[in-house]
Amino acid sequence: MSMNSFGHVFRVTTWGESHGPALGATVDGCPPGVPLGEADLQLWLDKRKPGQSRYTTQRREADAVEILSGVFEGVTTGTPIQLMIRNTDQRSKDYGEIAEKFRPGHADITYWQKYGVRDYRGGGRSSARETAARVAAGGVARAALAKLVPGLAITGYMVRMGEREIDRARFDLAEVPQNPFWVPDAQAAEDWAAYLDGLRKSGNSVGATIEISARGVPAGLGAPIYAKLDTDLAAAMMSINAVKGVEIGEGMAAAELTGDANADEITLGPDGPEYSSNHAGGILGGISTGQEIVLRFAVKPTSSILTPRRTITKAGAATEIVTKGRHDPCVGIRAVPVGEAMAACVILDHLLLDRAQTGGERGAIG
């Protein structure tokens, strides 16, 4: 039984641990003839890699991806693509003291209860280091989408850090790559810097909310009932380390609306249906409408903090623990490119599923 794979047609299997020699992904189902090289994937990995600012873990990893198979003369062959990222800056000694203890907020105790064995060096398989493989696979998906749906754009950004939110009146996508928080609000970025500096210096951490926008997604992706596009998007985001909640469109706020406020009215424009609003987040009945797809996911505070916490040992003895090592004070920062990658994988998967089922045929309107 394998639980390390996701996707239907475009299928990704990740492998490796935080402190092993390498980690990576096997990508199967990518269409042939897609231009692809290591530089196309490195672009996205560089967004996620650690040590880029004082607001992320100071573990120094180049996250240099190697393509071992599935590409010939600069294009995909249609065969499995093997991706590998070597670990070069492990400090396993930082974790020696927790070999017999369970860190509160971590998967240590549940891994032990389930398997009776765990890699305590950085959490092993449960470490957020695993997400580097997802970002590499997402780069393959983006390359395929660029060929199949030119103009489709997937952008992630932070909209909340702890109790601080962006001001939507100042929303500017051009600001996203201009600050270390991937936030579309220059003033918020300045405020958050001071806020996170204080938390970082005190050895504490904070949660975040990330929003993912996918523009240019064609109408008709997804299928009722058990292959809904939003079902797979939500599952993909929930699979990311530390994610505790996902919402599409209005999400939880839809519970506060009336029917006339929530339903997006439809008119016929020169290029097809047009909507008065987008409370649905670009998906109706599990099928894309052609509007911008909007989703958000909430990331809990990093559990590795310097504040002593009560816990127990494997023998059941009460003890205290301080988690040492190099950790993100806000894991939401590096979750942004991971969310983008997972969205790319799901959207490509559903595009290929739709082509297999319908051949791209659509019901006529007008």
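The values are calculated or read from the model by the stated rules, or taken from the named source; none is laboratory data. Note that the structure is a prediction, hence the values are computed from the model and not measured. Don't worry about glycine lacking a Cβ; one is built from the backbone with ideal geometry, like all the others, and counts go over all protein chains shown. These area figures cover heavy atoms from the full protein model, side chains too; ligands, DNA and RNA do not enter into them. Shrake-Rupley method; radii C 1.70, N 1.55, O 1.52, S 1.80 Å.
Between the beta carbons of T79 and D46, assuming R0 = 25 Å, the FRET efficiency works out to 0.40 to the nearest 0.05. The heavy atoms of D46 present about 60 square angstrom of accessible area, all protein chains included, probe 1.4 Å.
Could you work out how far the C-alpha centroid of segment 259-278 sits from that of segment 160-227, in angstrom? So the separation of the two Cα centres works out to 27 Å. Full extension of the chain between R310 and A254 yields a length gain of 16.3 nm, computed as 0.36 nm times the residue separation minus the alpha carbon distance. Rounded to whole numbers, the Karplus 3J(HN,Hα) couplings from phi for segment 293-305 are 8, 10, 9, 9, 9, 9, 10, 6, x, 4, 7, 7, 10 Hz, using 6.51 cos²θ - 1.76 cosθ + 1.60 with θ = phi - 60°, and x at Gly and Pro. Each peptide in 262-274, 153-165 receives the mean, over its residues, of other Cβ atoms within 10 Å, and ordering these scores from highest gives 153-165, 262-274. Using θ = phi - 60° in the Karplus curve 6.51 cos²θ - 1.76 cosθ + 1.60, the 3J(HN,Hα) couplings for segment 356-364 round to 5, 8, 10, x, x, 5, 9, x, 6 Hz; x is entered for Gly and Pro.
What the phi angles of segment 35-49 give under the Karplus curve with 6.51, -1.76 and 1.60, with θ = phi - 60°, is a coupling list of x, 7, x, 4, 5, 5, 8, 4, 3, 7, 5, 5, 6, 9, 4 Hz, glycine and proline written as x.
The mean accessible area for residues of the chain, using a 1.4 Å probe and ignoring ligands and nucleic acids, is 47 Å² per residue. Over the chain, what is the relative contact order in percent, taking alpha-carbon pairs closer than 8 angstrom and at least six residues apart? It comes to 21 percent, rounded to a whole number.
Which whole-number percentage describes the relative contact order of segment 135-239, with Cα contacts under 8 Å and a sequence gap of 6 or more? Reported as a whole number, the value is 30 percent.
The Q178 and E361 beta-carbon pair, evaluated with R₀ = 45 Å, returns a calculated FRET efficiency of approximately 0.60. Of the cross-linked pairs K47/K101; K49/K314; K47/K244; K49/K201, those separated by over 26 Å at the C-alpha level are K47/K101; K49/K314.
Projecting the Cα atoms of P150, A99, W44 onto the dipole axis of the chain, where Lys and Arg carry +1 and Asp and Glu carry -1 at the beta carbon, places A99 farthest toward the positive end. With K and R counted +1 and D and E -1, the other residues having a Cβ less than 12 Å from that of L229 yield a net charge of -3.
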